[in-house]
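Have a look at the structure below before the remarks.
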Amino acid sequence: MTHDQGAFKVDYPWAKIGWISFAVIIVVSSLLGFVVLSRYQQNDASLDIWGAICRGLGITFDSGSTGSPQPALRTPTNVAWTQVTLDQVRAGDPERGAHVALNCIACHEGTTANPAHLIPALDGMDATSIFKQLADYRSGKRLWGVMDAIAKALSIQDSADVAAYFSTRTGQLQANLPERVPQGGRAFRQSDPAARLVFAGDPQRGIAPCSACHGPGGFRLGAPPLTGQYAAYIERQLGSFAQGIRHNDIYEQMRAIARQLTPDEMKALAEFYGKRNSTLVATE
Amino acid sequence: MYNSRRLALYHYWVAFAVFLPAVMLGVWQMLMRSPLPAPFDDSNHYYASVTLHGTAMAYVITTFFAMGFGYAVTATSLGRPVRGITAAWIGFAICLTGTLMAVAAVLSGKSSVLYTFYPPLLGSVWYYSGATLLIGGSMIWVVLMIVNMAAWKRDNPGKPVPLAMFAITATAVLWAWSASGVELEMVGIVLPRAFGLTTQIDAGLARTLFSVTLHSIVYFWLMPAYIAFYTLVPQAAGGRLYSDTMGRLTFIMFLLFATPVGLHHLFADPEIGVGFKFIQSFLTFLVALPTLLTVFSICASLEIAGRHRGGRGLLGWIPALPWNEPMILAVGLSLVMLGFGGAGGLINMSYDMNSMIHNTAWVPAHFHLIFGGAIVIMYFAIAYEMWPRITGKPLHSKRMARWQLWLWFVGMFVTTIPWHITGLMGQPRRVAIFDYSDPLLAPMAPLVVISVIGGLILLASAILLITVLVRSQVGEGMLQTPLRYALAVNPPVRVPKALNGFALWNAILLMFMVFEYGYPIGQFFVLKSSVPVYEVSQQSSTPGVR
Amino acid sequence: MADTHPDLLQRPLPDGTVPAEVVARTEKRWLGVMVAMLVVMMAVVVLTGMTNAIHPPSNVETIDPTTLHLGGEFAESNLGTAQERDGSLTVRLIGGQYGFAPDCTKVAVDTPVKFRLTSTDVIHGFLLPSTNVNTMVVPGFVAEVRTQFTRPGIYRMPCNEFCGPGHHGMWARVSVVPKEQFHSLAPTERSSCVQQ
């Protein structure tokens, strides 16, 4: 007699035990989950059984726009990164854009019309950034004198073409070259305030690291790569964001950050990105 | 070991070769996120490192270890060569290829998505393909375990399958169920998008499918250690296993309750309602049961051995045990870590208590203690058992092995206890660098430094492990006694079909999965929740143009 | 194992050193104790869920992440703290790489608060340490969590799910002020403590 006997038989009807346990578990847990627990709402009255079941499934939900009045609509931009918009950008033809851009390069490439470097360099700029800014100028969400009229004269296809054209040109903007060598000095110990903000940000002020969106080593849709951009332009834009003069950034991403920066920091950041031969450029 | 010798050895070496670099990465990560200076302190490196460390520890070493152990157990417990040896080697090659693809992709810096790769964050198609090959290739191992057990049963009608074989086949069947979640996510959602065949993905569906794998995979990791508990530890102690039946029931319960509980990883998620969250929390309480039963069975088995060795009195059997055996030392240390880690797990799965610790540093503390601690220390002990049998050479030094185990134990506590505390204080996880001048984070700084010290102790232990294994491999040969599995106190002459196979339990598990996951997954085919992806390595929005 | 204690191998334990009935009885007793322990834990979970309405979130609501800022509930002008007719507060936040909007939220102490968040891009986390507020913000879905602050002060608000290379910089804050300092809001007013 060497198999288990007595209180705990080996020969239990395991199939029966298994299926009955299954049924009990399902029934008890479903009742508790759907009929007992989900009735109790924090900060709201308890639900009836049917309401509890629907709540437990997630079929009923607190919709935010339950007829409650909303403030007057204020949108930063009319551009949304839908598949339609992205397809429009990708449909840009760089060759056709070269013709359209004959009007642009006088200011955006030359130095005679841009002595103070307040007009941004566009050679190598990301196409979606150019597309969005042109759309914002066209709709009046961003204002800069002559750009409003220029953008209004461009169709959507023109914008896409010229954006594609500039994105294919090599030039001043280093864009996002891959970094082949492991880097260091990019944490909070970094003593240079500009480098620290660029790579580590300042979480206490809610400042995300610039590089995560603007590079090097990061990219975000709609965020223009900044490496090699004119320092004066960057500094001017940061100031505009901080004062709310420029407000076409979706959900105040740049406004919230720029408000936290001191003028010295803005200058330092602008110079950090403006240096063409800065250490953040990968050696190729 | 018949024909499983080289097969097991190759699998183990892939596992341990990946293990040491992964531990080094872990130590560097701990330095990065601490107030201490770290070399190459760039947060992009950190996220790549976390991806590599997680992929290596969670997918590579565990899968290879389980497969190697499975082939060894098949040959030694059934007492005959493994069937399907060619298929086994093909599986090994596929898994290794997948591993190399995934590792290369992460090292390139283009796939820092972490080992949970939650879409809509998208990494490199090489990473996903590699992971799919690794997990898919291991299905060959699953089939071979089932085939070998079925063949033995055919050749030995009416006899009980040896417990070790029963258990490793249960492990394999569980892995098949578990991997289905992540494989469906890969093949159905992530890979099509990574290859550019689709433009949008459903983030909620991806997370829900992944949750099918996310909890059950830890039982896939855990079951080899429990096989050691039930079949190797009592033998090493010179005793017997308290109850063979309870052993079988334990593995059956793991098979049943490990998979339909994944939603407890999604407690904080908006795409699942509270009803199913509770139901799966309820079931997670049940999956704690086999562990609790195992603790009793193993302690009882050890007590039998201790008293046989002359231990007297209530607790006198404890010092009487052969603590100089690595297997016994390992089980003692493992049970202590299992107690603490398991208690933490009970909190994580308790429905509302989870909101205290979800995605805080408590979570990695928990799984490092329970998996990296209690389970992996048994992996070491199994390796120390297996190496002499595979190589025909004695273990290089039992003393070194014991030092290695103690260092791992101490290091794991020193690493994870401060981590648990900072998690309760609210430290978020998966963060590369912290500004410790922030008043919320400042009190955490000394704790994080202590856990770095723990990491260094763990690194020392890992180096010792590799040293012992390498030296054992190249030492002098000697005839080794074959591996013997523990006999039960009352060995079964026959067991009923339900405890000798998995047909009934697979059927019940299928019904559990239909009830537990049917609606949570099915709802996504009605909800319109597809969203665009965000490539983590994107350089520009117009790739190919610039 | 092979090279220790040869005496053990010479006198292995015989069968049945512990009678089968004793094994069965002790195992069953332990099973009973363990099940009882788990039942107690389960009961605590259920009872606190009933009496204090402590639950994880349960609000399955879909939304299109790409057009959020163009209008609707999560338009830029509608974000921030709103006051409902019954005096409770509804706070609407956007999570996106790598910040929250508005990055400073102002609410009153001892007032029911309902946070509603969604993501513009990838999965983020929303954590307020020392409170029950801890939820995932998944694009395509509206995450909702209800709470009530019992202590005034500044609550730091990290993102606690990996969301990309800037994840470590994604911190915001909630300012909980005494009721006297919290001015009642008109139905179309939205407030925050973002510096203008």
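Considering (1) polar (S, T, N, Q); (2) within 9 Å of another protein chain (Cβ to nearest Cβ); (3) farther than 30 Å from B:Phe512 by Cα, the lone condition that B:Ser334 does not fulfil carries the number (2).
Taken residue by residue, region C:39-60 has at least one member that is closer than 16 Å to C:Lys114 by Cα, within 7 Å of chain A (Cβ to nearest Cβ) and modelled with pLDDT of 90 or more. Between B:Ala104, B:Ala93, the distinction of being over 22 Å from B:Ala179 (Cα atoms) and away from chain A (no Cβ under 14 Å) belongs to B:Ala104 only.
As a summary of the residue check, A:Val89 satisfies the conditions (1) within 18 Å of the chain's Cα centre (by Cα); (2) within 24 Å of A:Ala270 (Cα to Cα); (3) among the aliphatic types (A, V, I, L, M) except for the one numbered (2).
If we scan region C:40-62, do we find a residue that is hydroxyl-bearing (Ser, Thr, Tyr), more than 30 Å from A:Met254 (Cβ to Cβ) and either in a strand (DSSP E or B) or touching a helix residue (DSSP H, G or I) at 6+ places or on another chain (Cβ under 8 Å) (or both)? Yes. Within region A:115-130, being touching a helix residue (DSSP H, G or I) at 6+ places or on another chain (Cβ under 8 Å) and not in a helix (DSSP H, G or I) holds for A:Ala116, A:His117, A:Leu118, A:Ile119, A:Pro120, A:Ala121, A:Leu122, A:Asp123, A:Gly124, A:Met125, A:Asp126. Among residues that are surrounded by fewer than 21 Cβ atoms within 10 Å (Cβ to Cβ), aliphatic (A, V, I, L, M) and either modelled with pLDDT of 95 or more or within 26 Å of C:Pro165 (Cα to Cα) (or both), B:Ala104 is included.
Note on region C:125-149: residues that are under 21 Å from C:Asp64 (Cβ atoms) and without any contact (Cβ under 8 Å) to a residue 24 or more places away in the chain total 1.
Scanning region C:146-188 for residues that are acidic (Asp, Glu) and more than 7 Å from every other protein chain (Cβ to nearest Cβ) yields a total of 1. Could you check, for region B:421-434, whether at least one of its residues is at pLDDT 95 or above, within 27 Å of the chain's Cα centre (by Cα) and more than 12 Å from every other protein chain (Cβ to nearest Cβ)? Taking every residue of region B:421-434 in turn, at least one turns out to be at pLDDT 95 or above, within 27 Å of the chain's Cα centre (by Cα) and more than 12 Å from every other protein chain (Cβ to nearest Cβ).
Conditions (1) farther than 25 Å from A:Ala52 by Cβ; (2) at pLDDT below 90; (3) within 8 Å of chain A (Cβ to nearest Cβ), marked per residue:
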position	(1), (2), (3)
C:His5	yes, yes, no
C:Leu8	yes, yes, no
C:Ala20	yes, yes, yes
C:Ala24	yes, yes, yes
C:Trp30	yes, no, no
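So A:Tyr137 ticks every box in (1) touching a residue at least 12 places away in the same chain (Cβ under 8 Å); (2) in a loop (DSSP other than H, G, I, E, B); (3) aromatic (Phe, Trp, Tyr) but one. Which box is left unticked? Of (1) touching a residue at least 12 places away in the same chain (Cβ under 8 Å); (2) in a loop (DSSP other than H, G, I, E, B); (3) aromatic (Phe, Trp, Tyr), only one is false for A:Tyr137: (2). Here is the figure for region C:73-83: residues that are outside any strand (DSSP E or B), more than 7 Å from every other protein chain (Cβ to nearest Cβ) and not aromatic (Phe, Trp, Tyr) total 1. Given the conditions (1) under 30 Å from B:Ser243 (Cβ atoms); (2) under 25 Å from the mean Cα position of the chain (by Cα); (3) at pLDDT below 95, and given that B:Phe267 satisfies all but one, which numbered condition is not satisfied? Checking B:Phe267 against (1) under 30 Å from B:Ser243 (Cβ atoms); (2) under 25 Å from the mean Cα position of the chain (by Cα); (3) at pLDDT below 95, the one that fails is (1). Summed over region B:241-265, residues that are in a loop (DSSP other than H, G, I, E, B) and within 12 Å of chain A (Cβ to nearest Cβ) total 4. Listed conditions (1) away from chain C (no Cβ under 12 Å); (2) outside any helix (DSSP H, G or I); (3) closer than 19 Å to B:Gly26 by Cα; (4) not acidic (Asp, Glu) are all met by B:Val414, apart from (2). Each residue in region B:310-347 was checked for being farther than 30 Å from B:Ser281 by Cα, part of a helix (DSSP H, G or I) and without any contact (Cβ under 8 Å) to a residue 60 or more places away in the chain, and 4 pass. Restricting A:Gln157, A:Gln229, A:Gln172 to residues that are more than 23 Å from the chain's Cα centre (by Cα) and within 20 Å of A:Phe272 (Cβ to Cβ) narrows the list to A:Gln172.
Just so you know, in region A:195-220 the residues that are among the aliphatic types (A, V, I, L, M) and in contact with a Lys or Arg (Cβ under 9 Å, 6 or more places away or on another chain) include one that is nearest to the other protein chains (Cβ to nearest Cβ), and it is A:Ala212. When B:Pro520, B:Pro496, B:Pro439, B:Pro491 are checked against the criterion of being within 10 Å of chain A (Cβ to nearest Cβ), surrounded by 15 or more Cβ atoms within 10 Å (Cβ to Cβ) and free of Cβ contacts under 8 Å to residues at least 12 places away in the same chain, a single residue qualifies: B:Pro496.
The values are calculated or read from the model by the stated rules, or taken from the named source; none is laboratory data. Just so it is clear, the model here is predicted, and its values are computed rather than measured. Here Cβ is always computed from backbone atoms with ideal geometry, including for glycine, and neighbour counts include all displayed protein chains.
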